[in-house]
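J.: First the structure, which I've put down as structure tokens, then a few questions once you've had a look.
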Amino acid sequence: MIPSLLRRRGIPKPLRVFLPVATAIALNPSSSSIAPADGFQFAPLSFLATKHVKLAQYYVPRRLRIYPQSSSLSLDLSSTELPPNHGSSAVRSMKPSPTESKLQLLSFYRFVHIFQPENTRDNVFERLKTIPGLRGTVYVAKEGINAQFAVPVGKPLDRLLKAFGKEGDKNIVDGGCLPFDTFENNPPNMGDVVEGNTPTFDRLIVRTRNYILRDGINLKGEEDGESSLDWSDAGTELEPSEWDEQLRSPKNMQLLDCRNKYESDEGSFVSAQPLNTQTFSDTWSVLDSQVKSQSLDPSKPVYIFCTGGIRCVKVGAYLKQHLGFDDVRSLKHGIIGYDRWRSDDSIGSTGAEDEDGCSANGANNKPCEKDSLWTGDNFLFDKRRFSDTTDKES
């Protein structure tokens with residue numbers, strides 16, 4: 001049964017032969033076990049080749065592994081902290097403590113070269129695990145850091161922002177845990193505030209990856225984890241008020257929805273052209289074909305948007321540096337930032353009001369809700385699936 005199941009899952013035949021045996025060994029702790037790699041134990045069997053034992057380390061699910069000093073197998077997924085593992089996709093993870101406080105949703109990223117992603121991952125996790133009630137995901141790669149969180153408002157939120165702010169003494173509670181200020185060029189993208197029992201993220205996870213945003217760009221001369229494109233040269237970011245004003249002015253503008261089809265189907269900006277991709281990696285062939293067919297004109301301004309802004313960095317860089325667009329404009333903080341701007345009570349109206357109490361639109365004025373350029377729902381990547389500002393149920 002096991003080999004047939006593995007065959008249906010696309011596991012190569014040589015691996016299907018040894019994997020059931022290696023799995024059984026992996027699940028059999030022994031005081032005389034051998035440990036071919038850190039954090040993974042196997043009972044010795046002379047007929048099993050050492051290379052098969054090592055290969056099993058990759059194919060046996062992480063949560064079924066036996067760690068050093070383990071006296072019994074535990075599949076308790078609610079355990080507070082999982083033991084660390086190693087490799088290009090290694091994870092540090094823990095279950096957050098319960099909280100009755102409201103949760104602030106936020107995200108941020110920074111493209112900056114990180115020389116030792118594994119060490120950075122560990123430093124970040126050790127700091128974040130001390131913040132009560134924190135949950136979310138952090139990706140660390142050579143190209144930078146990308147994070148999404150739900151954090152209790154008040155002191156936990158303050159501590160989180162300080163942890164990623166200016167560099168400080170990483171051995172004290174309020175010091176920065178990175179050798180750079182994550183918010184130096186881009187402040188955190190503050191999303192909704194929700195009740196403490198709202199499903200957001202199950203755990204706090206900090207992991208290393210080859211990319212903080214897997215893009216699938218395959219340009220000549222690129223190596224894994226390294227890009228020939230300069231992410232700092234991705235065009236101009238527009239504040240939501242500027243974006244709103246400019247989208248109301250020109251006709252037949254080039255406005256690209258850089259999200260996937262299942263996101264665009266739920267909602268988008270008026271007159272936006274969806275790329276209709278299934279994954280982000282499909283973006284580049286779609287852009288190439290649209291330029292080739294002249295449905296996109298590199299000599300004219302192009303407006304791009306996504307959920308939180310990070311995808312527009314890579315799309316903007318590709319449009320400018322590879323396809324030769326002169327003028328690329330993106331929405332700062334993405335749809336989340338636009339939604340925050342529209343709902344921000346501090347953006348008061350100045351000037352004459354009509355019979356509905358709406359003021360004339362200006363760069364610093366909040367337009368009427370009936371005039372919103374966004375229609376539909378904003379698809380999110382936490383367990384809510386849709387923003388609280390919509391009527392869509394998750």
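J.: In nm, give the distance between the simple-model label positions of Glu184 and Leu219, each being 7 Å from the Cα along the Cα-to-Cβ direction.
T.: Label-label distance for Glu184 and Leu219, simple model: 2.3 nm.
J.: Output wanted: per-residue J couplings in Hz (rounded whole) for the range 152-157, from phi through Karplus 6.51 cos²θ - 1.76 cosθ + 1.60, θ = phi - 60°, x for Gly and Pro.
T.: After applying 6.51 cos²θ - 1.76 cosθ + 1.60, I find x, 5, x, 4, x, 5 Hz.
J.: Could you calculate the contour length gain from Asn119 to Ser343, that is, 0.36 nm times the residue separation minus the distance between their Cα atoms, to one decimal place in nm?
T.: Between Asn119 and Ser343, full extension yields an extra 76.7 nm.
J.: Want the number for Lys261 to Ser249: 0.36 nm per residue separation, take away the alpha-carbon distance, what's left?
T.: Net length gain for the segment: 1.6 nm.
J.: Among the listed pairs Lys95/Lys314; Lys162/Lys314; Lys155/Lys332; Lys251/Lys320; Lys129/Lys261, which have their C-alpha atoms separated by more than 24 angstrom in this model?
T.: Correct reply: Lys95/Lys314; Lys162/Lys314; Lys155/Lys332; Lys129/Lys261.
J.: Still on this structure: Grab the beta carbon distance between Lys162 and Glu242, set R0 = 45 Å, and tell me the FRET efficiency rounded to 0.05.
T.: Result of the calculation: an efficiency of 0.90.
J.: Provide the FRET efficiency to the nearest 0.05 for the Asp233-Thr375 pair, computing r from the beta carbons and using R0 = 25 Å.
T.: Rounded to the nearest 0.05, the efficiency is 0.20.
J.: In whole Å, what is the distance between the alpha-carbon centres of the range 197-220 and the range 262-330?
T.: A separation of 21 Å, based on Cα centres.
J.: Roll a 1.4 Å probe over the protein heavy atoms and report the accessible area of Phe379 in Å², nearest 10.
T.: Accessible area, nearest 10 Å²: 30 Å².
The values are calculated or read from the model by the stated rules, or taken from the named source; none is laboratory data. Bear in mind that the values here come from a model prediction, so they are computed numbers and not experimental data. All Cβ positions, even for glycine, are placed from backbone atoms using ideal geometry, and neighbour counts span all protein chains on display. With ligands, DNA and RNA removed, areas are computed over all heavy atoms of the protein, side chains included. Shrake-Rupley method; radii C 1.70, N 1.55, O 1.52, S 1.80 Å.
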